[in-house]
Structures are given as C-alpha cells and as structure tokens.
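Following: one structure in structure tokens, then a few remarks.
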Protein chains: 2
Amino acid sequence: MLKHKDMKKLFLLVVSIICVQEISSLSSPWSWECINEACVKKETQPGQEEKAISLEACQIFCSEESGLWPKPNGVINVSKILVPVDPSLIEINTRRLGSLTSEAAKLFKEELIRRAPTARDVGDKGKPLSINIFHTEPDTDKLTLETDESYNLVTGIDDKGKLQVNITAPNFFGSRHALETLGQLIIYDDLRNQLKTPIFLNITDKPAFPYRGILLDTARNYISVDAIKKTINGMAASKLNTFHWHITDSHSFPYVSKSRPQLSQYGAYSPRKVYSQKDIEDIVDFAKVRGVRVMPEFDAPAHVGEGWQKTGYVVCLNAQPWGTYCVEPPCGQFDVTKDGLYDALEDIYGDMVEQFDPDIFHMGGDEVHFTCWNQTKSIIAWMAQKGWGREEEDFAKLWGYFQDTAADRLFKKVGKNIPVIMWTSTLTKKEHVTKYLPKDKYIIQIWTLGNDPQISELLEEGYKLILSNYDALYLDCGFAGWVTDGNNWCSPYIGWQKVYDNKPKSIAGSRINQILGSEAALWSEQVDSTSVDSRLWPRAAAMAETLWSDPSNTWREAETRFLIHRERLVRRGLDADALEPEWCLQNENECPIKKV
Amino acid sequence: MLKHKDMKKLFLLVVSIICVQEISSLSSPWSWECINEACVKKETQPGQEEKAISLEACQIFCSEESGLWPKPNGVINVSKILVPVDPSLIEINTRRLGSLTSEAAKLFKEELIRRAPTARDVGDKGKPLSINIFHTEPDTDKLTLETDESYNLVTGIDDKGKLQVNITAPNFFGSRHALETLGQLIIYDDLRNQLKTPIFLNITDKPAFPYRGILLDTARNYISVDAIKKTINGMAASKLNTFHWHITDSHSFPYVSKSRPQLSQYGAYSPRKVYSQKDIEDIVDFAKVRGVRVMPEFDAPAHVGEGWQKTGYVVCLNAQPWGTYCVEPPCGQFDVTKDGLYDALEDIYGDMVEQFDPDIFHMGGDEVHFTCWNQTKSIIAWMAQKGWGREEEDFAKLWGYFQDTAADRLFKKVGKNIPVIMWTSTLTKKEHVTKYLPKDKYIIQIWTLGNDPQISELLEEGYKLILSNYDALYLDCGFAGWVTDGNNWCSPYIGWQKVYDNKPKSIAGSRINQILGSEAALWSEQVDSTSVDSRLWPRAAAMAETLWSDPSNTWREAETRFLIHRERLVRRGLDADALEPEWCLQNENECPIKKV
C-alpha cells in the first residue's frame, strides 16, 4: 500500500511515462479538458499533443464518481493521475480461493481486451498489474438473500513501481463486484492506444438492496441460450444478481423436464427450441461465476397450456373467444382438483431443484381467471362435493388449496422450506392474502402500478416485497399492439429516466426495510433473441444503480455516467440501445435544454 | 415450359417422391393441414408421418398469395404441389447478361442455404433446378425513376423431370426481383430436412410506385458499414429500391470528401467513425447488385456544424440556448453570403457525383432557423447592402439565393440537371415554393403529418412528392426523450399496422400520379449500429408492400404473411423485431380478438 509521502516522487514518474507516449497514427485533432467537473472538447494545439487528454481518460478523473456505474455506495477516492497498464502483465492471485474466483479472474482479463476497438490496438507499453484477493468468509459459494456482497478495492504502487490492487471482501460475490469496478477504472486511451488506470484508488462499496433482478420470459417466444448468456453478461457488468427465468407459459413449454419429457416434446415451438439439461447446467454455471443466481419460475395454476395436452391436467386450453377465459391467447389453467397434477408438479419441481439449486423459488400465480374454472365440469363437481359455493371467495379457497398442496411438494423436493415468490393477483388482495399466502412463507412480487394501494396494504401486513411495478419496470411496454392495432396495453415506452427515478423509498416510505429489491421484466410476446438486448439495455442498468446505490439524485445528475455505461455494455458485446447522439457524450452538458 | 396434359403424370411422380422421404430424427409430433385457407396445427397420427405437412410447406400453398411479401401486383398462379430441390444442383444461366445479373445469381444461391436452421440440415435429395433469365432491354444497368422493374416468373418441369424456371424481364432490376420472389417460394421443410418449391408457378409482377425508400441518418450517430449493408439486404428482400443516405448533419461529418478531407477530420466522431472512399464504393456496389440505388443527401443550409469549424462558413455552431437557434443541439447553419462556401459545396457535390453516380440528389433543406441568420452580423450587412428587409420573406429570398446557387454548382458537376429532392419547410410553403423551388426542378419530400394541408397545396401546384409523413413513417418515434424526460417528440411508437395502412392513395386522392412513392426514415439521435435492424425491420417491409402492391386490404388480411416475412428477414441475418408470440404464427387466426 502506498504512503502519501511517496506521492511527489510517483507524480514525477508518471509525468515522465506520459511524456514518452506516442500519439496514435489515426489521430484526432480533438482532446478534452476537465473544467468545472465536465469534460470539455478542445482542439489540440500544435506541440501540445503529448499533454492531450482522451475523452475516456478525462471521464475517469473529472467527476466525483469516476464514471462508475452503479456508483459506489461508500468511500470513493480515485487519483486524478492515470498510468498505463500492460494487459499482458496482469497477474491475479487466486490461490486457495476456489474455482469461482479463479474463473472470475479469467473473465476479468478477457474482458479487459475489449476496452480497445480491436485487440491489436492495445499497446503493450505499461506497468504490470498485480491483483490480490482476500476473502474473510471463503466458504460462501451460494448467493442468498443474506449474502454480504460488499468489497473494498485499493490500488497503489509498490516499491518496485508495480501497480498493486488489493481486494478485500467477505466472499466471492463481493470480490467479483470489486473486479467489475476495477474493470470500469481501466480505460482505453485512444490517443495513445493504451490501457490506463488511476495510480491510487480506494473504494468501499456494498449494495443497498439484496435482490436486483431481471425477468426474462422464454415461453411467449423462445430465447436462444446465447441471448440468455448475453443478458447475464450485462447483469454482471451492472452488478445485478438475479436472473428470474420465466421459463414456461401457456404458449410453449421449452423446459426439458428429465422426468416428464413429454411436456417439452409437445409443448416446445420446435424440437430445436428447447432448453436441454445441458443448456441449463451451462447457463447456471455461466451465471454463477458472474455473481448471478438463476431463479426458475414455474408459473401456475394459470399460464399453462401447450405441452400438457396429453395429461388431462389443463383446462380451457386455447378456449375461444379467449378474452372470456384469459388475458391473451392461448388460454389454459390447471384443473387443480386432479390428484395426478401434484405428482407431475413434484416431478418438475424435483428436476428444477436439482438443476437450479434455488435458494428462492418463484411459483408465479398471476392472472388466474375464475371464469375458466367456473365453466369446467370436473371442477364444479369437486367444489360442490366439498359444499363450496361458486363465488370469488370459493375460487380463492380452491386456489389456496392448489397453492398449499403444490408448495408442500416443492418443499418436499428441496428438503426444507425456502422462500417462495408470488405475483400480485386476486389471491394477494387484502381479503385473501393472509389466509392463503402467509408472510413467513411468501414474498410478493408487485406488478401493479407503483401507486397501487395494494402495495401499502401488503407492507402494512408485514410482507416482504420485490418491485416490478409495470409503469416503470415492464420493459416490453410501448410497442405495437399484437392482438389489436394501436400500441400495446402498457404503453408508452418507458425511458431510462423513469426506470432510474423509480426509487423503492418513494414507493415504500418508512417500510423500506420490507423491500428486498426490484426487478425489470421482459415479457416476450413481442421479443425474441433478436431484440432482447435492445429492450433490456441499457435501461435495466438504470434500475441497477437505483438498487445498488440508492441514489438521492435524479436521472439528470446520472446522465453522463449512464452514457458512459451504455458504451461499456456495447463493448461487452451487448446490442444496447443508443440513448443520445454521440455528440452529447463528447460535449458534456451541452445537450440539456438551457433557460434563456 | 410444361403442358397441362403432363400434369397427371407429374403428379404421380411427385407423390412417389414425397413417399420415399424420411422424417427428420429431431421430429415434432405436430404438422399442419390447410383448412379454409388457414394452416391448422394437428398432431401427426402414427403411420401418417409420411403425409405430414410442415408449417412452411403449408403456408406456401394454403393462401392465395403463397406467403409472398410484397404480394405480386399481377397474376399469381402457384401449384399446391411442392417438390424437393437439391441446392447443390442449381444452375443459373446468366451468360451475356452482364455482371450485375451474375452477381445477383450468386447471391440467390448463397441465400438459399439460409432456408435451413444450419447448413448441414439441407438434405441433398431433390430435383435439379435450372434458371433461365431473359432481358428485353439488356443494356439498362442504372436505376432511374423511369426504370421498368417488372418481371414474369414461370416454373415447370421439362421432359427430363428437371425443374425449369424462366424469368423474363426488361432488365436486371426486374429479373432480380423475380429471383427474390422465387427465393420466397423455395422453403425449408423441417419435417424432412429438404428445400421444396411448387412444381408449377406463373407470376407477373411490377411495382405500383417507382420510389421505395429508406432513409438512414449516419450523422447523429455513426452507423457501421456492416449495419448499412444489412439494411440494404433487408431492402432487397422486400423489393425496396432507394437507400437515402443522410450522411452528414450538424452533429458530425463522417463523409470523407476527397477534395475537402478536413471536414471529416474535424467533423467525425473519431478517426474510425468515417466513410472512406473505399467504404462508399463498397456500399454503392453492394446496393446495386441488390437492385438498390444509394442516393446521398447533403443537407443544407441548416443541419451543418461539426467539421466546418475551420472554414468560417458555418454560423451559430453550438449556439446556446440551442432552443433559440435550432431544433436540437448542436445548432449550425451556413453563412450563405460567403462566396467561398459555394466552391466548397461544388467540391463536395463533385466528390459525391463521382462516387454515387446519382440519378436524383437530395439537397435537404429542412429546419432553417431565420433567428440564426438574423443574429449574424455578416448576413445582416449583406442583406442590408442589397436593400432587403429582415422579415420572413426576406430570409426566404436569402434561402432561395442559396438554393439556386448551390443547385447550379451541383448541376455543373453532374453535367446536366437532375431531379433534386427537398424536405418540406418554410420554403415549401404556398407563398414561397413556386418562387424558389420550381416544380420542373424539385421533388418535395413530405415529413409533415399525413393530413397536413401543405400536401394538397403542393399537389395542386403540380409538384411530385415522396411521402415520409412522420406519423406513419418516422421509425425512430416512441422512445425516451433525450433532451427531456418523458418520450420523444413524435411519440408514440408506430406499429407496423399503421405503417401498412399509410396508403398514398388515401393521402393524395385523385392526384395519386404525382406521388413517386414513400420512404421510411430512421433518424439516429437514439440509434446506432446496435439498433438499426430492430427499428427498421420488419416495419419498413410493411411500407414496402404498400408501395409495391398498392393493396386494397388492411393490415389484418396481411398479418400472417407479414409474420412469415419477418422470419425471412431474420434468416437473412437481420435482427428484425418479433411481432407476436410464435404461437400466433403456428396457430393462424387464433390470436385476433374474437367476438363472443
């Protein structure tokens, strides 16, 4: 670690390093100067080329947050002096830290090379970089809602002029975040074809909320394994930690269940459009080394259909006119009175538990249409036999019966109770929720408007919540209608500004401690592998900062950093949407409307 | 050509071919049956596998238009019997037809292989296919507004059992369209891993409108050469013929002008974000073999800025507050009183004429802010010297002076007058347009609302128009604001349905003959290489059918074919947006809302 008295000596060293650097042959007449915390574009004057500052270099030292996204939630102390780093001389000491950490270290190095437009552009002149990682709870290798994801990251120069990075974290999940932060602080200087990093830095950081998720629906349309991996990559880059996989629905059943293979055989859109056991293993591993849990959702008792044709357990399958029986075609709900159904569910849960090793499980539970059950003879007969009526409360009781029975089968397969997440629905209404979904067992995921009274009702009852209020976090909104003309039901399109300003505190107020976090949802009626990236990114990253940093500022103050982060996502291989003309990135603060 | 008396014999031959086909190992339990002109999904019964029909096969014979997009504008006669084709035995006779045709033939063969999910999936059992192309005007090798793009396409079986395709067209631009149509009629049967095509067909076809364009803005954000080529590929697949390249603007100047290289040196976002002479040559050639003209727009006298810093010809560059001087940052307009400006323009026009060989040229001319000129001393002095006032009519006169002088320099470089396109603006208002933009010289491109009175005024004055009414054809609308929160100025997002139903006839009425066509515009403030595909496709293809087929039906009747065409675009390598759950494609007519 570096002492302050060495600073002057090092400063001279750094200046001398900068002075011998050569300007790229593909040279631009422009460079940047930090004036009042903004990078200002200037023409490089003849003879001043050696002092010229590239935009990325300026961005790193010209603001308090050093261009980091999400911004650290603690101390940020970053030197204004950058030194070149030789990407071929990076050493990460991961001995005795387990395979997750050594995998993450490998990814870190591979990722660095993407700082430059092409690999050959990274010059090799620069300092060696040595990274040392220390874990205080080295055995933690599974993410839970209690995992401490904090870290401390320190860079300094040792006596031999070598850059030393020390990362201290309770566990892998923290140190991996530290590597992401460090990666954001190593930039490509396009005036000199070099990687550069601040000579000193000290950052302590931890997330404000433990659940930071993205939902991807792979049932309305099939999403390729590669597209899923890209999504997880973007999550890692933005410190999100939960990939909520809405893997089946009434439209298709792409999940290959080891014990019930007929479901995907009949229910997949094609024999190629499935997730094999190998695919899932691959995705779960891919996510884990990136600090992301993969949480499966098996949505029931509605949102089932294709794949179940041969079982007799699904009723109202593609019932028409569909508007009477469900919210979108094709309709389908379980006949929850069939005993065999629960054996099938137990099998599926068993397969999922084995493959995903979940610490939390999503049982869906949205949009049950009582009209369907109320028109199904076997169900009516079963209810009559019990002496039940056919009012809302009776169907709620029926649903409660399903929920209890199904959850027991899940817990049986896990070997213990784990937290179960359920969507807001008729069953989460004040009059039903405490009866059927006890708060010690269930977490409720909100998909109503952000100001729906149900939210405060659930908070008052003591429930823990995850926020996916559709007015700010449904990222499929705003496109064309698909069963109508005009635009889709939750239009308009939600800008990143609205996503950013959707603060849990403004929704939960004093009950903020009951909010586990938020989740951006991408329902795939109008999305498939071609457009996942552009729908999710960079908007999901706006939510990421809201959850990680719990910022008190609005999107306005975050704008420049967000433009920088969008560029990072693109370098990471994601087709993230452009937000503004590049001119606004190169001319900070010149684009917002100014008062006359 | 095939005689009708041979049909029975051939039918038997075909049936025997079908019967020896084997079912794929990756087999699906589903197949399709054509019932009441809709493909209906059915479980394949045991023992019936050989008769099972794949979805793509069903789509081709189950509707009047055979799934073609845009639908042919003449005779469509397609056999319901499909025969397998061996992709390795395709022969296209292009001798003596010139290099454009032989290039197009090569592309046709390469494209065929994309019918299957992977190249190795195309089986080799099938008939040889021989394609003969005949041109009646073989010398036509440049697209103009007068080019006859019609064709006739006939398939039959010769005495040796070989598939013979005869394409007759006036020229390359027609026969290339025929190859696109034929390509759409060769489908991949995923139940048998085979390409198949109808055994007989006869199609005559020609476009309803001569100008069918896409505008791409590469100045607000830089768009890579690869992304531009993908766009042109999508255009070829949809029979669009004009790539309108909005290549420069106030934000950046990526165009490398041979005679004025300083403009891109100072004006490009980076030395890598330019279009070199080689890039442009490459794009122009790429487009031409795909039947697409590349028309450059050099927008002036507003929409100029970056790049011109050293010349002294641009005023109000990045003037603030920008709202006073322009519609979006950065502001910038030519000082049209500077004589040297016209020499610079002549040089740029000269470079463009040499590179693009344009038959029509776009001079831009939108959004001139008189406030800028009215606050520029040199301009005020120049106008005073001429004894002009400083009212709208005086500034219109000034603009008219610019337009006349600049157009003369353009014509000088072309060697003759060519049609010039201008955007609707203050100068196209009734009181100015006939004075400054004579109708024999200028075509007006509409970007107002589709019901703006200016449209009928211009039609009454006898102008020829191109429609880009922003309420239906600005494909960048509906996303987040970028200088504000909320959504961008022309929200909401425009669904394909609205694009399709934007019929020139409903806008122009009896003056329809003055409409040259339409153009979908993609302004790039919030788009760069990552999202060009998803913004343009498949929506631009909806416009393509409106222009090619001049359909009397609405989007409702075109829906299934449009879903099919979207899949084609994806196979062609474009990240076209998904429109609906795949379930709706597999279950035709089950998704639209049904009345109770």
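The values are calculated or read from the model by the stated rules, or taken from the named source; none is laboratory data. For clarity, every value in this text was computed on a predicted model and none was experimentally measured. In this analysis, Cβ positions are derived from the backbone assuming ideal geometry, glycine residues included, and neighbour counts consider all displayed protein chains. For the accessible areas, the whole protein counts, side chains as well, though only heavy atoms, and no ligand, DNA or RNA atoms are used. Shrake-Rupley method; radii C 1.70, N 1.55, O 1.52, S 1.80 Å.
Among A:512, A:233, B:242, which residue has its Cα furthest toward the positive end of the charge dipole of the protein assembly as shown, with +1 on Lys/Arg Cβ and -1 on Asp/Glu Cβ?
A:233
Taking 19 Å as the cut-off for C-alpha to C-alpha distance, list the pairs among A:41/A:498; A:273/A:338; B:142/B:416 that go past it.
Values: A:41/A:498 30 Å; A:273/A:338 29 Å; B:142/B:416 17 Å.
Among A:41/A:498; A:273/A:338; B:142/B:416, the Cα-Cα distance tops 19 Å for A:41/A:498; A:273/A:338.
Given +1 on the Cβ of Lys and Arg, -1 on the Cβ of Asp and Glu, and no further charges, what dipole in debye does chain B carry about its Cα centre, rounded to the nearest 20?
Computed about the Cα centre, the dipole is about 1200 debye.
For residue A:553 and residue A:276, what does the FRET efficiency come to when R0 = 56 Å and r is the distance between their Cβ atoms, rounded to the nearest 0.05?
0.80
With a 1.4 Å probe, what is the total accessible area buried between chains B and A, in Å² rounded to the nearest 100? Please list the in-between numbers first.
Numbers: alone 24990 and 25000 Å², together 43830 Å².
Answer for the B-A pair: about 6200 Å² buried.
Could you tell me which of A:165, B:420, A:153 has its Cα farthest along the dipole of the protein assembly as shown towards the positive end, charges placed at Cβ (Lys, Arg +1; Asp, Glu -1), taken about the Cα centre?
Going by the Cα projections, it comes out as A:165.
Rounded, prolate or oblate for region B:496-596? Axes are the square roots of the Cα gyration tensor eigenvalues, ordered a ≥ b ≥ c, and the cut-off for rounded is a/c under 1.5.
oblate
Calculated FRET efficiency, residue B:390 and residue B:456, Cβ-Cβ r, R0 30 Å, to nearest 0.05?
Values: r = 31 Å, r/R0 = 1.04.
E(calc), rounded to 0.05, equals 0.45.
Using DSSP, restrict attention to beta bridges with both residues in the protein assembly as shown and report what percent are antiparallel, rounded to the nearest 5.
Restricted to the protein assembly as shown, the bridges split so that about 40 percent are antiparallel.
If you average the sequence gap of Cα pairs under 8 Å that are 6 or more apart and divide by the length of region B:514-596, what percent do you get for the contact order?
Numbers: 44 pairs, mean separation 26.8, N = 83.
It comes to 32 percent, rounded to a whole number.
Treating only the Cβ atoms of Lys and Arg (+1) and Asp and Glu (-1) as charged, compute the dipole magnitude of region B:66-205 about its Cα centre; round to the nearest 20 debye.
Around 540 debye, computed over region B:66-205.
Rounded to the nearest 5, what is the percent of antiparallel bridges among the DSSP beta bridges in chain A? Walk me through the intermediate numbers first.
Values: 31 of 76 bridges.
Of those bridges, close to 40 percent are antiparallel.
Peptides B:452-463, A:245-256, B:78-89: what's the order by average Cβ count within 10 Å, highest mean first?
Sorting B:452-463, A:245-256, B:78-89 by mean packing, highest first, produces A:245-256, B:78-89, B:452-463.
Hey, got the dipole for the protein assembly as shown? About the Cα centre, +1 on K and R Cβ, -1 on D and E Cβ, debye to the nearest 20?
Its charge dipole is roughly 1440 debye.
Could you pull out every one of the aspartates and glutamates with an alpha carbon less than 19 Å from that of residue A:206, ignoring same-chain neighbours closer than 8 positions?
Of all the aspartates and glutamates, those that pass the test against residue A:206 - Cα under 19 Å, at least 8 places apart if same chain - are A:64, A:65, A:137, A:141, A:146, A:148, A:149, A:180, A:519, A:545, A:550.
Report the Cα centroid-to-centroid distance between region B:157-207 and region B:505-535 in angstrom, as an integer.
30
Report the trypsin sites (Lys or Arg not before Pro) located in region B:333-415 that are in a DSSP loop and have at most 13 other Cβ atoms inside 10 Å of their Cβ, or state none.
Passing sites in region B:333-415 are B:386.
For residue B:48, which inter-copy label distances result when the label point lies 7 Å beyond Cα on the Cα-to-Cβ vector, reported in nm to one decimal and in ascending order?
8.1
Given that compact globular proteins tend to follow 2.2 N^0.38 Å, what is the ratio of the alpha-carbon Rg of chain A to that value?
Ratio of Rg to 2.2 N^0.38 Å for chain A: 1.05.
Give me the angle, in degrees from 0 to 90, between the Cα long axis of helix B:225-237 and the longest principal axis of the Cα atoms of chain B, rounded to the nearest 10.
Long axis of B:225-237 versus the principal axis of chain B: about 50 degrees.
Considering Cα pairs under 8 angstrom that are at least six residues apart, work out the relative contact order of region B:211-560 and quote it in whole percent.
18
Roughly how many nanometres apart are two label points built 7 Å out from the Cα toward the Cβ at residue A:483 and residue A:320?
About 1.3 nm separates the two model spin labels.
So for region A:66-205, averaging the separation of alpha carbon pairs under 8 Å that are six or more residues apart and normalising by length, what relative contact order in percent results? Numbers along the way, then the final one.
Working: 290 pairs, mean separation 50.8, N = 140.
Answer for region A:66-205 is 36 percent.
Taking a point 7 Å out from Cα toward Cβ as the label site, list the nm distances between residue A:262 and the same residue in every other copy, smallest first.
For residue A:262, the other copies' label points sit at 7.9 nm, shortest first.
Take peptide A:419-425, look around each residue's Cβ out to 10 angstrom, count Cβ atoms belonging to other protein chains, and average those counts.
Across the residues of A:419-425, the mean count of other-chain Cβ atoms within 10 Å is 0.
Would you mind computing, in nm to one decimal, how far apart the modelled labels at residue A:88 and residue A:594 are, each placed 7 Å from Cα along Cα→Cβ?
Here the answer is 4.8 nm between the modelled labels.
Helix A:7-20 against the longest principal axis of chain A: what's the angle in degrees, Cα atoms only, rounded to the nearest 10?
With rounding to tens, the tilt is 90 degrees.
For region A:368-451, report the accessible area per residue in Å² (1.4 Å probe, heavy atoms, rounded to an integer).
So region A:368-451 comes to 47 Å² accessible per residue, rounded to a whole number.
Rounded if a/c is under 1.5, else prolate if a/b beats b/c, else oblate: with a ≥ b ≥ c from the C-alpha gyration tensor eigenvalues square-rooted, which is the protein assembly as shown?
In terms of gyration-tensor shape, oblate.
Restricting to bridges with both residues inside region A:211-560, how much of the DSSP beta-bridge set is antiparallel, in percent to the nearest 5?
10
What is the mean number of Cβ atoms from other protein chains located within 10 Å of the Cβ atom of each residue in peptide B:305-311, rounded to a whole number?
1
Under the rule a/c < 1.5 gives rounded, and otherwise a/b versus b/c splits prolate from oblate, where does region A:216-322 land using the Cα gyration tensor?
Prolate.
Which whole-angstrom value gives the distance between the alpha carbon centres of region A:219-273 and region A:459-493?
If you average the Cα positions of each part, the centres end up 21 Å apart.
Roughly to the nearest percent, how much of the accessible area of region B:211-560 is carbon and sulfur, given a 1.4 Å probe?
Here carbon and sulfur together make up 46 percent of the probe-accessible area.
Where the centroid of each part is defined by its Cα atoms, how far is region B:323-368 from region B:90-113 in Å?
So the separation of the two Cα centres works out to 39 Å.
For region A:542-596, which trypsin sites (Lys or Arg not before Pro) pass both filters: DSSP loop (anything but H, G, I, E, B) and at most 10 other C-beta atoms within 10 Å?
Sparse-neighbourhood loop trypsin sites (Lys or Arg not before Pro): A:595.
To the nearest 10 degrees, how steep is helix B:277-288 against the longest Cα principal axis of chain B, on a 0 to 90 scale?
The angle comes out at about 40 degrees.
When the convex hull of the C-alpha atoms of region A:211-560 is computed, what volume per residue in Å³ does it have?
132
Roughly how many nanometres apart are two label points built 7 Å out from the Cα toward the Cβ at residue B:405 and residue A:371?
Going by the 7 Å Cα→Cβ label model, 7.0 nm.
Evaluate peptide B:263-273: per residue, the Cβ atoms of other protein chains within 10 Å of its Cβ; return the mean as an integer.
Numbers: counts 0, 0, 4, 4, 0, 2, 7, 8, 8, 6, 1.
If you average over the peptide's residues, the count of other-chain Cβ atoms is 4.
Every other copy gets compared here: list the nm distances from the residue B:279 label point (7 Å along Cα to Cβ) to its counterparts, shortest first, one decimal.
Values, ascending and in nm: 3.8.
Which value in deg cm²/dmol, rounded to the nearest 500, describes the helix-derived mean residue ellipticity at 222 nm for chain A, given -39,500 (n - 2.57) per DSSP H run of n ≥ 4 and division by the residue count? The partial results should precede the final answer.
Numbers: 20 runs with 201 residues, N = 596.
When only DSSP H runs of four or more count, the value is -10000 deg cm²/dmol.
Set Lys and Arg Cβ to +1 and Asp and Glu Cβ to -1, take the dipole of region A:62-180 about its Cα centre, and tell me which of A:84, A:72, A:136 lies farthest positive.
A:84
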